[in-house]
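Data block below; observations after.
Coordinate-derived values only; no laboratory data. Note that this is a predicted model, so its numbers are computed, not measured. All Cβ positions, glycine included, derive from the backbone under ideal geometry; neighbour counts span all protein chains shown.
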Amino acid sequence: MATSSIELALNRLRETRAWRSIFRRGPARTNRTRSLAIFGNIFLHLMPVKVREQSLRVRATYYLGSFSFLLFLLLTVTGILLMLYYHPAVPQAYLDMKDLRFVASNGVFLRNLHRVGAHAMVIAVFWHMFHVFYRGGYRPPHEFNWVVGVVLMLLTLFLSYTGYLLPWDQLAFWAITVGTNIISAEPVLGHDVRFLLLGGNLVGENALLRFYVLHCVILPLVAGMFIAIHFWRIQKDGGLTLRENHEREGHERQD
Amino acid sequence: MSDSDAATAAVTSEISRRDFLNDVAAGALGIAGLGAMVVTYRFLSPNALFEPSTTFRAGNPDLYPVNSVTFNQDQQVYIVRTPEGFYAVSAVCTHLGCITQWKPDANIIACPCHGSKFKSDGTKVEGPAPRSLPHFSITLTPDGELLVDKMETMKPEQTLKV
């Protein structure tokens, strides 16, 4: 059966004890072993084992959710790389941002990728949300996953907002000054929330450090958790919301 | 034997040992969790702030001509001198915290962010600002300089006569 030497070598590798200890199932040649390949993989087990053909069509989703997730991954990778040159301190933060643009090799590319990616993610998340809304994706049995999606949209906005302060330029300072004053307009709790968020009465060193920790640690972890729930629930709620005429016509349609 | 059966029945009719211990454990965890939230909240509000002092000396009163509005850029305060006396008007817009600008030609304090307008005594002329600009406490130091405290406000009618 095996023709090329690469395939022979691969087959021999699959027979080894080490390989068999990692991948308990045999090769994915039957529906059963294909299912086991999904179940047995920690990253893929959130995904459905089978999907309807219609839900893979571009027009079913325009892959907007996948696009948002890919942008989240891109922002995680570029963000971690940016952290290697960035100190969340006054005035070092601004100088580091300038160094990233003008001194570090490909730094301007990395920074712009992070910045444009962040804008794109906000657009993708909202587009995804509109698309799901107009498809009626908030209706049972998807109502819980819709709420998880709303939380993810808010987390996307909080991530954008906390990242906005980090360049520590005039735009960042005044955006956070105005934004946190909006928070303090909230009755009863407003002033305390602003004080806790800024770690003081004005946008200073404490505020920069707090926004940095929120942006780089707390919010991405929370978002990652909610993304996992979001993916898991698509499968548990019985797949995507498809347009009704697609479902009725079923697989007879061949377009 | 029959005695112990009766005792067991009496105990189970009220609360089982397992349920009792579960309730005690849940209560202890609840109290500990609440305490953890309180101490975390206390930890998150800083006790020492390294922010600029809110009081500052604004120099000798003779520096300010009568009927003048002087903007102190560093402190974000207008020192206003009228024939009645001195007062210090905050330059921070009461809307969302932008720094306002004194426009001598129009005799108006204008906010560049959202277009609020105030008179030179801080009275609101045009929104979206919800309130007039506050007057800060202004006093004289023993050596005769103006001293402004941005933590304390004064009534707009009060002026410092020198």
Largest-first ellipsoid semi-axes for region B:99-162, taking √(5λ) over the Cα gyration tensor eigenvalues, angstrom = 26, 13, 10
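Assuming 0.36 nm per residue, please report the length gained on full extension of the stretch B:ASN22 to B:ALA110 beyond their Cα-Cα distance.
Values: separation 88, 0.36 × 88 = 31.68 nm, distance 6.43 nm.
That works out to 25.3 nm of additional length.
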Nitroxide proxy distance, nm - points 7 Å out along Cα→Cβ at B:TYR41 and A:LYS98 = 4.3
Across all directions of projection, what mean area in square nanometres is found for the Cα convex hull of region A:80-167?
-> 6.4
Helical contribution to [θ] at 222 nm, DSSP H n ≥ 4, -39,500 (n - 2.57), averaged over chain A, rounded to 500 | -21000 deg cm²/dmol
Rounded to whole angstroms and listed largest first, the alpha-carbon spread of region A:5-45 along its three principal axes comes to 31, 20, 14
Near the amide H of B:GLU152, under 5 Å away, which other amide H atoms are found, from residues 5 or more places off or on another chain, if H is placed in the peptide plane?
-> B:SER137
So what J values fall out for region A:159-173 if you push phi through Karplus, 6.51 cos²θ - 1.76 cosθ + 1.60 with θ = phi - 60°, rounded to Hz, Gly and Pro as x?
-> 4, 4, 5, 5, x, 4, 6, 4, x, 6, 9, 4, 4, 4, 4
So what J values fall out for region A:223-238 if you push phi through Karplus, 6.51 cos²θ - 1.76 cosθ + 1.60 with θ = phi - 60°, rounded to Hz, Gly and Pro as x?
-> 4, x, 5, 5, 5, 4, 4, 4, 5, 4, 6, 4, 5, 5, 8, x
Taking chain A as a Gaussian network, Cα atoms linked when under 10 Å apart, which of A:THR61, A:THR30, A:THR241 shows the biggest mean-square fluctuation?
-> A:THR30
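Below 15 angstrom from the Cβ of A:GLU186, what's the summed charge of the other residues (Lys, Arg +1; Asp, Glu -1)? Walk me through the intermediate numbers first.
On the way: positive: A:ARG194; negative: A:ASP192.
In short, 0.
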Rounded if a/c is under 1.5, else prolate if a/b beats b/c, else oblate: with a ≥ b ≥ c from the C-alpha gyration tensor eigenvalues square-rooted, which is region A:177-230?
-> oblate
Hey, got the Cα dimensions of region B:82-135 along the principal axes, in Å, largest first?
-> 32, 23, 16
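Taking N as the number of residues in region B:44-162, what is its Cα Rg relative to 2.2 N^0.38 Å? List each step's numbers first, then the result.
Values: Rg = 14.5 Å, N = 119, 2.2 N^0.38 = 13.5 Å.
For region B:44-162, the normalised Cα radius of gyration is 1.08.
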Please identify which residues in region A:21-50 have an amide N closer than 19 Å to a label point set 7 Å out from the Cα of A:GLU7, following the Cα→Cβ vector.
-> A:26-30
Report the full-extension gain for the segment A:PHE39 to A:VAL108: residue separation times 0.36 nm, less the Cα-Cα distance, to one decimal in nm.
-> 20.7 nm
Using a ≥ b ≥ c from the Cα gyration tensor of region A:1-142 (square roots of the eigenvalues), is it rounded, prolate or oblate, where a/c under 1.5 gives rounded and otherwise the larger of a/b and b/c decides, a/b for prolate?
-> oblate
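What does the C-alpha gyration tensor say about the overall shape of region A:67-109? Classify as rounded when a/c is under 1.5, otherwise prolate if a/b is larger than b/c, or oblate. Provide the component values of the computation, followed by the final result.
Details: a/c = 3.09, a/b = 1.83, b/c = 1.69.
Prolate is the answer for region A:67-109, as a/c is 1.5 or above and a/b outweighs b/c.
What per residue convex hull volume, in Å³, do the alpha-carbon atoms of region A:57-250 yield?
Working: hull volume 24.9 nm³, N = 194.
That works out to 128 Å³ per residue.
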Once every Cα of the protein assembly as shown carries one equal point scatterer and solvent is ignored, give the base-10 log of I(q)/I(0) from the Debye formula at q = 0.08 Å⁻¹, two decimals.
-> -0.74
Estimated distance in nm for a label pair at A:TRP174 and B:LEU63, the labels positioned 7 Å out from Cα along Cα-to-Cβ | 2.6
